[in-house]
1. Search segment A:37-60 for residues that are away from DNA strand C (no atom under 16 Å from the Cβ) and pair each with any residue that is in a helix (DSSP H, G or I) and basic (Lys, Arg) when their beta-carbon atoms are under 9 Å apart and the residues are at least 6 apart or on different chains.
2. Looking at segment A:156-187 only, could you name the residues that are over 13 Å from A:Gly129 (Cα atoms) and among the charged types (D, E, K, R)?
3. Would you check which residues across segment A:83-127 are within 16 Å of DNA strand B (Cβ to nearest atom), open to solvent by 30 Å² or more (accessible area, probe 1.4 Å), more than 23 Å from A:Ala68 (Cβ to Cβ) and not in a helix (DSSP H, G or I) and list them?
4. Is it the case that segment A:226-237 has a residue that's part of a helix (DSSP H, G or I), over 29 Å from the mean Cα position of the chain (by Cα), among the polar types (S, T, N, Q) and more than 16 Å from DNA strand C (Cβ to nearest atom)?
5. Which condition from (1) open to solvent by 70 Å² or more (accessible area, probe 1.4 Å); (2) within 14 Å of DNA strand C (Cβ to nearest atom); (3) farther than 28 Å from A:Asp64 by Cα is the one that A:Pro208 breaks?
6. For segment A:16-42, give me each residue that is within 16 Å of DNA strand B (Cβ to nearest atom) and part of a loop (DSSP other than H, G, I, E, B).
7. Out of curiosity, is A:Tyr76 touching a residue at least 12 places away in the same chain (Cβ under 8 Å) and under 30 Å from A:Ala297 (Cβ atoms)?
8. So A:Phe45 ticks every box in (1) over 21 Å from A:Gly108 (Cα atoms); (2) outside any loop (DSSP other than H, G, I, E, B); (3) not basic (Lys, Arg) but one. Which box is left unticked?
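The values are calculated or read from the model by the stated rules, or taken from the named source; none is laboratory data. Here the structure is a predicted model, which is why all the values come from computation and not from measurement. Cβ placement follows ideal geometry from the backbone for every residue including glycine, while neighbour counts extend to all protein chains displayed. Areas reflect the complete protein model, heavy atoms only, side chains present, ligands, DNA and RNA absent. Shrake-Rupley method; radii C 1.70, N 1.55, O 1.52, S 1.80 Å.
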Amino acid sequence: MKQLLAWYDANHRSLPWRLNPDPYWVWISEMMCQQTQIATVLPYFERWMARLPSVESLAAASIDEVLALWQGLGYYRRARSIHAAANLIAAQGWPSSAKEWALLPGVGRYSSAAIASTTLGEPVALVDGNVERVFARLTACPEGKPALQRLAWTWAEENLHQPDPGRWNQALMELGALVCRPKTPLCDECPVRAHCRAYALGTSEAFPVASAKPETISLDLTLSVHRLNGKVALVQQPEGEWWTGLWTFPIQKGSPTQKALGTVRAQVTHHKLSLHICLVDESPSDARWAEENELHAVAMPAPIRRAWSIVLRDG
DNA sequence: AATGCGGGGTT
DNA sequence: AACCCAGCATT
């Protein structure tokens, strides 16, 4: 498997946090990259570093500003975790091992290993979606998700390249992202195909074996847009609701009783949301009235922002 | 080990 | 519409 490192050196993407493997940069990048594609993250990362260039500036920022910088990335709890962790780091200093990293909110087994191997050179293995797929094909693993993950972690630990764990981990993930892709893997370009059981069988695309998908749930929600004198009513979603902590128009469960101005559809994990937009005259009881021309600076989920642009166009 | 958490882009 | 993405936390 030594060919992998040479391949990585010659073919890896030049990412900001690789050019500057500072703990702050690597940590933020790992948080943004959770369940999110690299290409999506890049513009958010640049904007973030321009505004919050250090852990001290992050700790001093308001959660509203952090959420606004996060707007559009999804899984907004990550933004809250980062903000909370920044205050811990500002008070206690940087973690000095993967084990310490994993004590911070939002940092689990994968992220702690990624950060520690990259910034500290600590010999800790990791498995993400890429490594899991690489492992599944290399070994033609017939197992579904739970067993596959367990086996992949064991494999990663046994095969960690001790002299340079950070570069090795990056190389495994990069191989999964660029060559050992989910669909149409580029096996002819693979530096380790000589070791690949699925390639030998000619069935690379059959791995990893698909597991049962959760049933999609359809939900109707009514979005009440109250406008008055150039202002609009917003509510901040509480814990336990969709888009916790972000600003939205008042939301009721169910279909509207009046005719909707339009409908915005959004997919949230395995939920399919239909957001019916209704214009309302009377003022809501419990809301913040925001100037319409300041709305762009408010942290709103992407579907809500789409709903607002429909109101501006047709309302 | 299995869910819940509750987004977004790509094909 | 399905699929996947540098997962985490809780049970």
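1. A:Ser57/A:Arg51
2. A:Glu157, A:Glu158, A:Asp164, A:Arg167, A:Lys183
3. A:Ala102, A:Gly108
4. First, pick out the residues of segment A:226-237 that are part of a helix (DSSP H, G or I): none.
No, the conditions are met nowhere in segment A:226-237.
5. A:Pro208 satisfies all of (1) open to solvent by 70 Å² or more (accessible area, probe 1.4 Å); (2) within 14 Å of DNA strand C (Cβ to nearest atom); (3) farther than 28 Å from A:Asp64 by Cα except (1).
6. Let us first name the residues in segment A:16-42 that are within 16 Å of DNA strand B (Cβ to nearest atom), namely A:29-42.
Matches in segment A:16-42: A:Gln34, A:Gln35, A:Thr36, A:Gln37.
7. Numbers: touching a residue at least 12 places away in the same chain (Cβ under 8 Å): yes; under 30 Å from A:Ala297 (Cβ atoms): yes.
So A:Tyr76 fits the description; yes.
8. A:Phe45 satisfies every listed condition except (1).
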